[in-house]
Structures are given as structure tokens and as C-alpha cells.
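Taking it in order: structure first as C-alpha cells, then the write-up.
The values are calculated or read from the model by the stated rules, or taken from the named source; none is laboratory data. In this text the structure is predicted, and so the values were computed from the model without any measurement. Cβ placement follows ideal geometry from the backbone for every residue including glycine, while neighbour counts extend to all protein chains displayed.
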Amino acid sequence: MNKTLWLILLIFSNCCFSQSEVLSQTAIETYAKSIDQSIKAKKLVKVFYPNMSACGGGLYGYFQNKQLVCIDATYGAELGFSSRKMYIKNGVIYKIIYKECFAEWGKYDRNYPADKFEFDPSKMTYTDDVYTILLANQVRFTKSSHKKNIPTKPDNTLIDQLLECGKQMQADLTEVIHQMDQLKLVKEMPYICEMDSCGDSLFWDVLSISPYNIEYLIEQLDDSTSSQANVILFGGTYTVADIAYDAISEIIHGIPTFELLGIPFDKEGCGYCAYWQQLRSDHSKRIQFKLAVRKWYFANEKNLVWVESDDFAICDCRGKHPNRGHYEVKK
């Protein structure tokens, strides 16, 4: 196939939304570097696909302004793994780093035949192949093994497979986002009830994948969109932000809510009403609270431990907890 035609077809097949922008290799590398820096600085929202991705394995997506900008997936096996890191802009994959680290059984069998030696995993050697692909105005395809460059021609079959996998992983992550966004449809929050009829099932469905996606819930803490769920005792309705914070509080027990709000708990008055009064007074208060929760979470993330329990934090609920546990900050 003519190289120019192949490139055009490749870019158009890679496009998920509309006509893709053709970038230079330099522009792609600059963009990828900025994404890596943002990931390191925890400026992006990390989303985890709770099921094993069929082609990627353990799958994480990184979002910026609600747009998927990076995929990081690892498919592990007993002896070896493969990983795929993809940099995405406006739904289009522009850079792929694909790694293969697999046991070299042929070499092992030649050196240690089974009829003479017992299997010793410490003597196994592994491949260390890294493919870097830039889908630029001129496609760049490079391969290295054990940190040495290996001259090679572009493997169009591999590129097609990786792009197809990338599309599937984007769909997987979109599925997670869709489920998390069901919070806005919650019509009743749990209060005093048995677990077989305790609030809207949508809330518990979201909660079931939320332990892996706390960052996405935090991102909703300034969403003042009203739901149809009434606030018992204090009046008014829950916003998406309020429901998201209840979900976070049910996942991580012991969050210092009023410390993060910057106000005291109203012991002598209406108690928890201070929470509602503070956040309803001005939208800027929600933004400040979101930033405080985010800061607290990242400061304590490494100290969170999972506790198997049927205790509930946000309601007087009885029965088995859907998550069968919660996080606490290790003391």
C-alpha cells in the first residue's frame, strides 16, 4: 500500500469523534511530556476500570477537563507481562509505548532440559522489548530490547492491533464514567433502613466501583446540579456534589468533614446543618471544600487501609454492606 495512503487510513481509523488533527513528532512528544508531568503532579483525574480489560488487563485512564488524555494498562501473567501506555488528544491516539516482558522458554529449555533439571524460575530469562510509536505526520516506529535500539521496519499489524485495543480501552473507561455519572439520577439517599430497601439502588451501584475511583468522586464536589433526592431533617435537595461526598464518606470512614469545611460542628444548635449552610451559602465554598478534600486525600492516600466490615458511615442502615468494608486512615 502507498505509504501516504496507509498513513491517511491509519489516522482516520484512529479517530473516535471527528476529523483528527495531524501533529508533528515534536508536537506529540511535547504533548506526551506535559501529560506525564501532570500525572506525576497529580493534576489529572485517575479512573480505574474495575474489571480486567480484555486486551489491556489492569486499566487506568487519566482525564483532564473531563477528556481522556492517557491510558496506562498492564496485562500480568505468572511469568511476564505486557503494558500499553497511550497518549490521547480529542479522542485520538497519537503516541503508544508498548512493552513485552515474557519468559524465554525456548532458551530455558535448551539450557536446562526438563529431563535433566528441575524447574528453577530464578534461572529464567525474559524479553524486554519496547515499541514506541508516534502517529504523526510521518509515522515513527522504534524498537528497543534491554535498552538497546533494534533496527526494524514499522509493524503495521502490531500498530493496528494496538489501535484496536486502544479503542476498546477507551470504551471500557467510558463505561465506568457513565456508571459514575448516574449519581445525578439518584432519587433517594439512604437514611434509616434495611439494606434490601435502603435508598436508591443507583447510589449503591456507583458505590460498588467507587473504592477504585475516589478521584472521580472528588472531581464532582463542586457540581451543584440538583438531584431529586430530598435532604431529610434539613430540607432542600441533594446536589451531585453532596451525593458524591456521601459516597466518599461511605468509602473512607473518618474524614474530618468540618475541619475540611473550615467551620466548627454546631454542637449547641442543629448539629450537621452547618454543613448544608456552609456549602449552600456560596458556590465558592464548594470549590474550596473540593480543593481541601482533594488535598486531604492525596496526603493520606498511602495510609489508607481496607477494613472488612458491615459498618455504615452515612446512614443508620442495617444488613451487609455492599462493599463488605471501607477504608480508614492507618494510625
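Criterion applied to Tyr191, Tyr238, Tyr212 was being under 14 Å from the mean Cα position of the chain (by Cα) and of a type outside the set (A, V, I, L, M), and the one residue passing it is Tyr212.
From the list Asn323, Asn303, the lone residue that is out of contact with any Phe, Trp or Tyr (no Cβ under 7 Å at 6 or more places or on another chain), polar (S, T, N, Q) and surrounded by fewer than 13 Cβ atoms within 10 Å (Cβ to Cβ) is Asn303. Give the residues of segment 275-331 that are assigned to a helix (DSSP H, G or I), among the polar types (S, T, N, Q) and farther than 27 Å from Lys43 by Cα, sorted by residue number. Scanning segment 275-331 gives Gln277, Ser281. For segment 45-93, a tally of residues being touching a helix residue (DSSP H, G or I) at 6+ places or on another chain (Cβ under 6 Å), of a type in the set (D, E, K, R) and under 30 Å from Trp105 (Cβ atoms) returns 0.
Among the residues that make up segment 198-219, is at least one of them surrounded by 15 or more Cβ atoms within 10 Å (Cβ to Cβ) and on the phi > 0 side of the Ramachandran plot? For segment 198-219, residues surrounded by 15 or more Cβ atoms within 10 Å (Cβ to Cβ) and on the phi > 0 side of the Ramachandran plot: present.
Kindly establish whether Tyr75 is under 28 Å from Tyr216 (Cα atoms) and touching a residue at least 40 places away in the same chain (Cβ under 8 Å). It is false that Tyr75 is under 28 Å from Tyr216 (Cα atoms) and touching a residue at least 40 places away in the same chain (Cβ under 8 Å). For Trp204, the conditions (1) under 27 Å from the mean Cα position of the chain (by Cα); (2) more than 25 Å from Glu301 (Cα to Cα); (3) part of a helix (DSSP H, G or I) are fulfilled apart from (2).
Of all residues in segment 300-319, those that are touching a residue at least 12 places away in the same chain (Cβ under 8 Å) and assigned by TED's automatic domain parsing to the domain that holds Asp196 have Cβ atoms under 7 Å from Cβ atoms of residues that are β-branched (Val, Ile, Thr) and surrounded by 11 or more Cβ atoms within 10 Å (Cβ to Cβ), 6 or more apart or on another chain, in Asn300/Val329; Asn303/Val329; Leu304/Ile252; Leu304/Val329. Between Thr239, Thr225, Thr257, the distinction of being within 15 Å of Arg286 (Cβ to Cβ) and out of contact with any strand residue (DSSP E or B) (no Cβ under 8 Å at 6 or more places or on another chain) belongs to Thr257 only.
Which residues, taken from segment 118-144, are among the hydrophobic types (A, V, I, L, M, F, W, C) and more than 18 Å from Tyr31 (Cβ to Cβ)?
Answer for segment 118-144, where residues must be among the hydrophobic types (A, V, I, L, M, F, W, C) and more than 18 Å from Tyr31 (Cβ to Cβ): Phe119, Met124, Val130, Phe141.
Scanning segment 238-268 for residues that are in a loop (DSSP other than H, G, I, E, B) and farther than 21 Å from Tyr191 by Cβ turns up Pro256, Gly262, Ile263, Pro264, Lys267, Glu268.
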